[in-house]
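The values are calculated or read from the model by the stated rules, or taken from the named source; none is laboratory data. Note that the structure is a prediction, hence the values are computed from the model and not measured. Cβ: placed from backbone, ideal geometry, glycine included. Neighbour counts: every protein chain shown.
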Amino acid sequence: MPSPLRTASPSDTFAAVSEVLVPPIAKGVIIRRPGVLALAERWDVGTRAVQRMQRLSDGYGPDPLPLAIPGRDMALVLSNDDVRRVLGDTPEPFAAATSEKQAALRHFQPHGVLASHGPERQDRRAFNEQVLGSQLPVHHLAGSLLAKVVEEADVLAEIIGRTGRLRWEDYIEAWMRTVRRVVLGDAARDDHALTDDLASLRAAGNFAFLRPTPKKLRARFFRQLRGHLDRAEPDCLAGVMAETPASEMTRPAEQVPQWLFAYDAAAWASYRALALLGSHPDQAATVRGELPDDPTADPPDTEYLRACVLESLRLWPTTPVVLRETTAPTTWRNGTLPEGTSLVIFAPYFHRDDRYLPEAHRFAPEIWTGNTGGPQLGAITDDAWPLIPFSAGPAVCPGRNLVLLTTSAMIGTLLTRHDLRLQAPHALDPDRDLPGTLNPFELTFNA
């Protein structure tokens with residue numbers, strides 16, 4: 001019978017926990033803590049974490065590396081082949097609904113698809129894919145949704161024109177107005193209280209097991225949310241939901257917080273993409289060359305701009321830690337892992353491993369367009385390095401195409417109105433390696 005995999009030494013376990021696992025938790029897994037993120041940027045903890053993972057890989061080999069953590073079976077995934085295996089064989093024997101994830105999400109979406117397993121997950125996943133148009137290159141409501149994005153981008157562009165600059169505070173306000181209109185309808189445009197309540201619930205989710213759920217706040221949030229969903233405006237996701245079949249186990253309203261949550265992360269990704277374009281003039285010129293005169297006439301063919309968003313997510317993943325939990329004992333090259341092992345895929349390590357990816361620390365949108373022979377738009381193939389900005393496999397983010405559609409429309413509209421240049425001290429030098437951490441909350445642009 002195969003023996004268990006070799007466990008990391010106590011010193012290597014301490015290094016892995018302190019340099020790889022603790023920083024994402026400290027920064028906020030469910031909602032970011034700006035102050036901690038600023039410190040992480042200053043100390044460039046992202047680069048140190050990738051380097052630590054490289055040393056562990058060199059020292060222990062390709063198998064998952066169990067950590068010597070009392071009371072919890074946890075292992076780091078170290079090889080690209082195992083990333084493909086774990087994500088490709090989700091949910092059996094690698095469940096997406098890990099105990100850590102369920103503990104965090106119970107605060108605001110206890111019956112969401114990410115916290116589900118078995119038949120419930122299958123049912124809720126199908127509902128999410130139908131509403132979000134996962135299997136479609138372009139969502140069937142693309143025209144209506146793009147019109148909302150462009151309208152809000154134009155409002156933001158007017159503010160930039162008056163002030164001569166773009167700040168995070170103005171960007172996120174415009175972005176969340178857009179998100180509420182896209183998801184819930186135009187009547188939700190100014191319902192800041194709804195998304196503020198969700199932010200408070202997500203802040204509780206940062207503490208997972210350690211904080212009781214604020215049940216009164218959660219009940220208030222869902223009452224307000226259901227009011228928007230019951231209105232079911234036809235040109236938004238709520239309208240699609242009303243026409244999508246659901247069973248008793250689907251819990252449609254509890255799928256929506258994840259969409260709002262994910263769109264918050266999309267704000268970080270798109271704002272960082274603006275920072276990349278605001279400091280890399282050659283790539284910015286390429287983007288401007290493909291932008292249509294009217295971005296709402298037809299779904300625009302902006303492959304390079306979408307590649308820039310994907311590059312933002314590769315360089316600074318909004319989900320740096322992808323978790324799976326084994327539902328049975330698993331066998332690897334040199335040993336086994338027991339049932340109930342939490343497998344950790346640290347995305348920055350795979351996205352920034354310069355031993356295999358020459359462009360690891362540079363802004364290289366061509367990776368996603370196939371012009372360098374790289375993976376096509378993030379697809380994981382047998383011979384492609386596992387770039388997973390939206391995860392991959394059966395549990396790939398069902399809103400991937402919709403997020404790329406809306407983020408690229410926001411960025412594209414702003415770039416047609418203004419020449420945005422990233423201000424110092426956050427200038428990202430095209431001739432130097434990009435930092436391992438970039439705090440979007442302190443980025444400012446001149447126009």
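Here is how the numbers come out for the structure above:
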quantity	calculated
Criterion violated by E290 - all others in (1) closer than 12 Å to L415 by Cα; (2) modelled with pLDDT of 95 or more; (3) touching an Asp or Glu at 6+ places or on another chain (Cβ under 8 Å) satisfied	(2)
Wholly enclosed helices (runs of 4 or more DSSP H) of segment 51-151 bearing at least 2 residues touching a residue at least 24 places away in the same chain (Cβ under 8 Å) and small (G, A, S)	99-105
Residue tally, condition assigned to a loop (DSSP other than H, G, I, E, B) and among the hydrophobic types (A, V, I, L, M, F, W, C), over segment 1-30	5
Some residue of segment 94-107 being modelled with pLDDT of 95 or more, aromatic (F, W, Y) and within 23 Å of E254 (Cα to Cα)	no
Hits in segment 105-141 (condition: surrounded by fewer than 22 Cβ atoms within 10 Å (Cβ to Cβ) and β-branched (V, I, T))	V138
From W332, W368, W385, residue being surrounded by 15 or more Cβ atoms within 10 Å (Cβ to Cβ), modelled with pLDDT under 95 and within 22 Å of V20 (Cβ to Cβ)	W385
Test: residue in segment 433-441 that is assigned to a helix (DSSP H, G or I) and modelled with pLDDT of 95 or more	yes
Residue selected from segment 220-266 under the condition of a type in the set (D, E, K, R), under 21 Å from A193 (Cβ atoms) and touching a residue at least 24 places away in the same chain (Cβ under 8 Å), by the criterion surrounded by the fewest Cβ atoms within 10 Å (Cβ to Cβ)	R226
Selection status of R180, in contact with a Lys or Arg (Cβ under 9 Å, 6 or more places away or on another chain), more than 30 Å from L422 (Cα to Cα) and crowded, with 17+ Cβ neighbours inside 10 Å	no
Residue satisfying all of: in segment 235-244; over 19 Å from E151 (Cβ atoms) and not in a helix (DSSP H, G or I); nearest to the chain's Cα centre (by Cα) among these	T244
Set L315, L305, L276: member being closer than 19 Å to L146 by Cβ and of a type in the set (A, V, I, L, M, F, W, C)	L305
